[in-house]
Amino acid sequence: MKHSFIALIEDKCTSCMLCVRECPAWCINLDSHTVEVTEEGARRPKKVNVLDSFDIDYSLCMYCGVCIDVCPFDALAWDEHRALTSTNREDMILSIADLRPSGSS
Amino acid sequence: MNRVFTWQQVAPDQWRNKISELIDSGFFYFDFLTGVDRENIDGQADCEVVAHLAKPDLSDSRIIFTQVKSELASIADLAPASSWYERECAEMYGITFTGGDTSPLLRHEGLGRPPLRKSAVLAARVLTPWPGGAEPEIREDGRKVGNVSRRRQRPPGVPENWLSP
Amino acid sequence: MPRYALTSDPRVGVEIVSAALACCTLELQAALGSGVLVESSEVGASPSVIVIAGTVTDALVPSVMQLIRAHPGVKVMSFGACATSGGPYWDSPPVSKGIDQFVEVATYVAGCPPRPEAFIQAIRDLACSEDA
């Protein structure tokens, strides 16, 4: 496995903020909100976090993999598909759609 | 080759004696000396000074460390190679090595806290908004009405009220 | 300036000057030596690229500027996180937070260090933008 990209598996992310807080480069930005969901048969509704945005600034990221290590739900993973270059520094901030693992679309 | 490393703590007033004793007993290859900031780790507001001496064939190593407040006797006359490391340690950790070379290596005098001490605050960490401070928001009709947690988070290395008077 | 051609596309030629500042330089040399570029004097030398590889401290900024000014018309590649934004040293007072604060950067290459593929990709992109 080439350590050339860190991918986000959106469905697994619970917006727990662990990766954001552990990142030594402060290069992850996460925005989320909470909704109440009532499951059938449950007495009370439960609070669920909904991921609104997840950005990795690849101009800062040092590919240390701390975020991958700390994620309790394996929502972040090494990925090999991209050599990231850009003519513009703002374009190096990738969001959910650009962070999908290779093989998924 | 099988290399043996032995760690040993000594009292600061035994520092010179211990080093001298080791040099006399064949550990006369002086490798390095450095500081370790122990603040906020094991309840000690101290710095540790660590020195590594070895037998010249590197088969046997001794790593000697001691807890210091702010001063330690220099060993530069016993192991001349330590002089550069003591100057570096003085500059980076703010430890005075009495009887040694006190001329600065890199830094100008009066530049504030020694940079490798945990109490030296990196201003960028205070002034840059920390992404980890965000919490999942509670929203009603698309409007933010509060945070899930009331606990205020602070990034590592940023003291509370650093810029407030 | 050493002149190279892309092994996979020998029509693409490039001149490379590298500013060796820190560990990224070693990775750049590894990329240059990995066989994806071959030294060639026959190929046309377009684009000319200066690769800023490594941590740029404030104290080094004048030297880096001097190097870039000594090669007028050259394209600047910001190689790795340090040159691009300060990278792991983003909170360190003596490190400049990205070379785009003082020079125009033609291409940024992400990584710490960037992979050779990323470097080649950047060279290709520069060559294509020259053609266009």
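The values are calculated or read from the model by the stated rules, or taken from the named source; none is laboratory data. In this text, all values refer to a predicted model and were calculated from it rather than measured experimentally. As a convention, Cβ positions derive from the backbone with ideal geometry for all residues, glycine included, and neighbour counts pool all protein chains shown. Protein only, heavy atoms only, side chains kept; ligands, DNA and RNA dropped before computing areas. Shrake-Rupley method; radii C 1.70, N 1.55, O 1.52, S 1.80 Å.
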(request) Give me the distance in nm between label points sitting 7 Å out from Cα along the Cα-to-Cβ direction at A:Ala97 and B:Lys55, one decimal. (result) 6.8
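Which pairs in the list A:Lys2/B:Lys55; A:Lys12/C:Lys75; C:Lys75/C:Lys97; A:Lys12/C:Lys97; A:Lys2/C:Lys97 are over 31 Å apart, alpha-carbon to alpha-carbon?
Working: A:Lys2/B:Lys55 42 Å; A:Lys12/C:Lys75 42 Å; C:Lys75/C:Lys97 20 Å; A:Lys12/C:Lys97 34 Å; A:Lys2/C:Lys97 28 Å.
Those over the limit are A:Lys2/B:Lys55; A:Lys12/C:Lys75; A:Lys12/C:Lys97.
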(message) Placing one identical point scatterer on every Cα of the range A:29-72 and ignoring solvent, what is log10 I(q)/I(0) from the Debye formula at q = 0.27 Å⁻¹?
(response) -1.00
(message) At a cut-off of 50 Å², which residues of the range C:63-109 become less accessible once all protein chains are present than in their chain alone, using a 1.4 Å probe?
(response) C:Ser85, C:Trp90, C:Asp91, C:Tyr108
(request) Within the set of other residues whose C-beta is less than 12 Å from the C-beta of A:Tyr58, count the net charge using Lys and Arg as +1 and Asp and Glu as -1. (result) -3
(request) Would you mind getting me the FRET efficiency between B:Ser70 and B:Ser25? Use the beta-carbon distance for r and R0 = 22 Å, nearest 0.05. (result) 0.15
(request) In nm, give the distance between the simple-model label positions of B:Ser103 and B:Val4, each being 7 Å from the Cα along the Cα-to-Cβ direction. (result) 4.1
(request) Using the charge dipole of chain C (Lys, Arg: +1 at Cβ; Asp, Glu: -1 at Cβ; taken about the Cα centre), state which of C:Val74, C:Ala22, C:Ala110 has its Cα farthest towards the positive end. (result) C:Ala22
(message) Using a 1.4 Å probe on the protein heavy atoms, what percent of the accessible area of the range A:5-99 belongs to carbon and sulfur?
(response) 46
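With viscosity set to 1.567 mPa s and temperature to 4 °C, compute the Stokes-Einstein D of the range B:18-131, Rh being the Kirkwood radius across alpha carbon pairs; µm²/s, no decimals.
On the way: Rh = 15.4 Å.
Stokes-Einstein gives a translational diffusion coefficient of 84 µm²/s.
Count the DSSP beta bridges whose two residues both fall in the range C:25-132, then state the antiparallel fraction as a percent rounded to the nearest 5. It would help to have the intermediate numbers written out before the result.
On the way: 1 of 9 bridges.
Beta bridges within the range C:25-132, antiparallel portion: roughly 10 percent.
How much net charge surrounds B:Gly26 when only the other residues with a Cβ under 14 Å from the Cβ of B:Gly26 are counted, with Lys and Arg +1 and Asp and Glu -1? Spell out each step's value before the answer.
Values: positive: B:Lys55, B:Arg62; negative: B:Glu21, B:Asp24, B:Asp57, B:Asp60.
Value of the local net charge: -2.
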(request) Enumerate the amide H contacts of C:Val17 below 5 Å, restricted to partners 5 or more residues apart or on another chain; note that Pro and chain-start residues carry no placed amide H. (result) C:Val49, C:Ile50, C:Val51
(request) Just tell me which lysines come within less than 20 Å, Cα to Cα, of B:Lys118; anything on the same chain fewer than 8 places away is out. (result) B:Lys69
(request) Note the buried accessible area between C and A here, summed over both chains, with a 1.4 Å probe, in Å² to the nearest 100. (result) 1600
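Per-residue mean of other chain beta-carbon atoms within 10 angstrom of the beta-carbon, peptide A:19-28?
5
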(request) Could you tell me how many degrees, from 0 to 90 and to the nearest 10, lie between the Cα long axis of helix B:15-24 and the main elongation axis, the longest principal axis, of the Cα atoms of chain B? (result) 50
(message) For the range A:5-99, place one equal point scatterer on every Cα, skip the solvent, and apply the Debye formula. What is log10 of I(q)/I(0) at q = 0.11, 0.16, 0.22 Å⁻¹?
(response) -0.36, -0.67, -1.13
(request) Find the eigenvalues of the gyration tensor of the Cα atoms of the range C:3-131, then list the square roots of 5 times those eigenvalues as equivalent ellipsoid semi-axes, largest first, in whole angstrom. (result) 25, 15, 12
(message) Using all alpha carbons of the protein assembly as shown, what is the percent of pairwise distances in each 20 Å bin, ordered from the shortest bin to the longest?
(response) 21, 42, 32, 4
(request) Using θ = phi - 60° and the Karplus relation 6.51 cos²θ - 1.76 cosθ + 1.60, list the HN-Hα couplings for the range A:9-22 in order, rounded to whole Hz, with x at every Gly or Pro. (result) 9, 4, 5, 8, 6, 10, 6, 6, 6, 4, 4, 4, 7, 8
(request) Report the longest stretch of chain A that contains none of the GluC sites (Glu not before Pro) sitting in a DSSP loop with at most 10 other Cβ atoms within 10 Å. (result) A:41-105
(request) Kindly report, to the nearest 10 Å², the accessible surface of B:Lys69 as traced by a 1.4 Å probe over protein heavy atoms only. (result) 150
(message) I want the local charge near A:Ile28. Using Cβ-Cβ distances under 12 Å, sum +1 for each Lys or Arg and -1 for each Asp or Glu among the other residues.
(response) -3
(message) Probe of 1.4 angstrom, ligands and nucleic acids ignored: what's the accessible area per residue over the protein assembly as shown, in square angstrom?
(response) 53
(request) Keeping every protein chain in place, order A:His33, B:His52 by accessible area at 1.4 Å, biggest value first, i.e. largest first. (result) A:His33, B:His52
